[in-house]
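Written out below as structure tokens is the structure these notes cover.
The values are calculated or read from the model by the stated rules, or taken from the named source; none is laboratory data. Small disclaimer: the values here were computed from a predicted structure and weren't measured. Using ideal geometry, Cβ is built from the backbone for each residue, glycine included, and neighbour counts are taken over all protein chains shown. In case anyone asks, the SASA skips ligands and DNA or RNA and just uses the protein heavy atoms, side chains included. Shrake-Rupley method; radii C 1.70, N 1.55, O 1.52, S 1.80 Å.
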Amino acid sequence: VTHQGAGHKILWANRVAAEAAGIPLRKMSGGRCYQLIHGTSAPCDSCRFDEVWRTGIPQQTERVTPDGRTWVVRASPVRNAEGDVASIVEVARDITAQKRTEETLRQSEEQFRALFEGSPDAILIGDPESGEILDANTAAS
């Protein structure tokens, strides 16, 4: 979690954000998120900070970091007493394991489909309660 002011300046960060960036927590405040966290001289292409600052509407995106981790990042406005965007809170969640699981499932489904469709034997998939045939390969037709 980071709390950022104008120009992507980090006002506050939690310990997990500092650890994810590989930076001591005490060095997080005051720097620009794109410099400290991403090691770049400008905001990331997928960054939604400026859009949230301009529109006041929360935004979400996915980012892949150089170390290969995938993050879902949600940026939400913090408003002042007048209702204007005063700062932004970004919450990032590491979804790398979820993405790997999704890819493994996709590959497994592709393998099943190839075996199912390529089998010379008739294969039927049915609902055990209703007896309805849900799917059949080409050999079954």
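Applying the criterion of at least 3 residues that are among the small types (Gly, Ala, Ser) to the strands (runs of 3 or more DSSP E) found wholly in region 72-141 leaves 85-94.
Residues in region 20-40 that are open to solvent by 70 Å² or more (accessible area, probe 1.4 Å) and either at pLDDT below 90 or assigned to a strand (DSSP E or B) (or both): 2 in all. Restricted to region 88-141, and to residues there that are of a type in the set (Val, Ile, Thr) and in contact (Cβ under 8 Å) with a residue 40 or more places away in the chain, the residue that is most open to solvent (accessible area, probe 1.4 Å) is Val91. There is no residue in region 41-52 that is touching a residue at least 12 places away in the same chain (Cβ under 8 Å), open to solvent by 40 Å² or more (accessible area, probe 1.4 Å), in contact with a Ser or Thr (Cβ under 9 Å, 6 or more places away or on another chain) and not in a loop (DSSP other than H, G, I, E, B).
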